[in-house]
1. Here is a check on your reading of the model: is Leu45 of a type in the set (A, V, I, L, M), more than 14 Å from Phe24 (Cα to Cα) and touching a helix residue (DSSP H, G or I) at 6+ places or on another chain (Cβ under 7 Å)?
2. Please find, among Ser85, Ser78, the residue that is within 25 Å of Ile98 (Cβ to Cβ) and either aliphatic (A, V, I, L, M) or surrounded by 17 or more Cβ atoms within 10 Å (Cβ to Cβ) (or both).
3. Where residues in region 31-80 are of a type outside the set (A, V, I, L, M) and closer than 19 Å to Ile94 by Cα, which of them is nearest to the chain's Cα centre (by Cα)?
Amino acid sequence: MVFILTRYTINFLTVDYFMKSITFGKRLTEVRKDKKMSQDEVGKLVNVHGAVIGRYEREEVKPSIEVVIQLAEVLEISLDYLVGSTDVLLEKNIVSKILDIKNCRKLPNLQKKTRITFF
């Protein structure tokens, strides 16, 4: 287990804390339990045996990228969180909303003379 000591200064207050490196298996376990799903349930949804999900969680074997993508979709979380690229847990519906907002910015600007009338 790796610990990284991080120090931040926030408004003249110095805060020290230890940040644990969370592995793929621990993240998988955490999210699966938060969703109240069993290993067998998750396994069926990604077409592997439930015992294999347990092996992923215990870090005994590493899943293929295809299985990891399926796990992220089934658990409705971002792939980045599951593989440890980010510590921000974004559920799939939040990611979809962010992408919708991003796509709205690409739409052509409305005419400046657009008028909204309230009744």
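Values quoted throughout were computed directly from the atomic coordinates according to the rules given, and no laboratory measurement underlies them. These figures come from a predicted structure and were not determined experimentally. All Cβ positions, even for glycine, are placed from backbone atoms using ideal geometry, and neighbour counts span all protein chains on display.
1. Considered against the rule, which asks whether it is of a type in the set (A, V, I, L, M), more than 14 Å from Phe24 (Cα to Cα) and touching a helix residue (DSSP H, G or I) at 6+ places or on another chain (Cβ under 7 Å), Leu45 comes out as yes.
2. Values: Ser85 fails: either aliphatic (A, V, I, L, M) or surrounded by 17 or more Cβ atoms within 10 Å (Cβ to Cβ) (or both).
On inspection, the qualifying residue turns out to be Ser78.
3. If we take residues in region 31-80 being of a type outside the set (A, V, I, L, M) and closer than 19 Å to Ile94 by Cα, then Ser78 is nearest to the chain's Cα centre (by Cα).
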